[in-house]
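Just so it is clear, none of the values below were taken in a lab; they were calculated from the coordinates. Quantities reported herein were computed from a predicted structural model and do not represent experimental measurements. Cβ coordinates were reconstructed from backbone atoms using ideal geometry, including for glycine residues, and neighbour counts include every protein chain displayed.
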Amino acid sequence: MSLTKEKRPSFWKELKRRGVPKVLAMYAATAFIIMEAGDIMLPRLGLPDWTVTLVIILLILGLPVALVLSWIFDITPHGVVKTEPLEKVVQDKEAEVTHRRKLRVSDGIIGVLLIVVAVLVYPKIFQAGNSNLPRAMKGKISIAVMPFKNMTGDSIYNLWQGGLQNLVITALSNSEELSVRQFLTMNSLI
């Protein structure tokens, strides 16, 4: 049986039949992860900066190869096989009897797991701005800046101990969310 021009699917339908969009999405996600990992790890390993660029170029060059291979081959439970021509697929579909797939126990388990994950993740996503820190004064978070200690062994720097504490207290006092204890209060407690 030969397909006439009217029965030929569009290019997009043929791409979907061969699984090319799935491969493109998986390749893009994997490439993004590899680029991020490479950007973080390669400089830390002492490799030159151009190695990150090389990884990106290799990933870009690998995209057409992955797309061509996904057009030619399919991954099945029986392994990697060559994609069958459209005529054979049409003949096989005509021979098949259509029936609905029954629900399996694994489908129910997956559904329950998705619900559990949604219940666990919901508070983290939609209540990210809420803080459980104690708020003492007018809804502000109360903090104290402890005095700095000169550990250099040079007594000239002892002058900076109180000065640094005052600078930090002054900088944090400008915050609308924080209530900072004053210099004299902390030093009198110590």
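Enumerate the amide H contacts of I141 below 5 Å, restricted to partners 5 or more residues apart or on another chain; note that Pro and chain-start residues carry no placed amide H.
L178, S179
Apply the Karplus curve 6.51 cos²θ - 1.76 cosθ + 1.60, θ = phi - 60°, to the phi angles in the range 154-170 and return the couplings in whole Hz, x for Gly and Pro.
Along the range 154-170, the couplings run 9, 5, 5, 7, 4, 4, 6, 4, x, x, 5, 4, 5, 4, 5, 4, 5 Hz.
Work out from phi, with θ = phi - 60° and the Karplus expression 6.51 cos²θ - 1.76 cosθ + 1.60, the ³J(HN,Hα) of each residue of the range 109-124, listed in order in whole Hz, and give x for Gly and Pro.
For the range 109-124, the Karplus-derived couplings read 5, 4, x, 5, 4, 5, 5, 4, 4, 4, 5, 6, 7, 3, x, 5 Hz, x marking Gly and Pro.
How far apart, in nm, are the 7 Å Cα→Cβ label points at K140 and I56?
Going by the 7 Å Cα→Cβ label model, 4.5 nm.
What FRET efficiency comes out for R181 versus F126 if R0 is 35 angstrom and r is the Cβ-Cβ distance? Round to the nearest 0.05. Working shown, then result.
Working: r = 33 Å, r/R0 = 0.95.
After rounding to 0.05, the efficiency reads 0.55.
List the residues, sorted by chain then number, that are 5 or more residues from T83 or on another chain and whose placed amide H is less than 5 Å from its amide H.
Amide H to amide H, under 5 Å and 5 or more residues apart or across chains, T83 pairs with F73, D74.
S10 to V65: FRET efficiency via 1/(1 + (r/R0)^6), r the Cβ-Cβ distance, R0 25 Å, to the nearest 0.05?
Efficiency at R0 = 25 Å is approximately 0.50.
For the pair R100 and L45, what calculated FRET efficiency results from E = 1/(1 + (r/R0)^6), where r is the Cβ-Cβ distance and R0 = 35 Å, to the nearest 0.05? Provide the component values of the computation, followed by the final result.
Working: r = 54 Å, r/R0 = 1.53.
Calculated value: 0.05.
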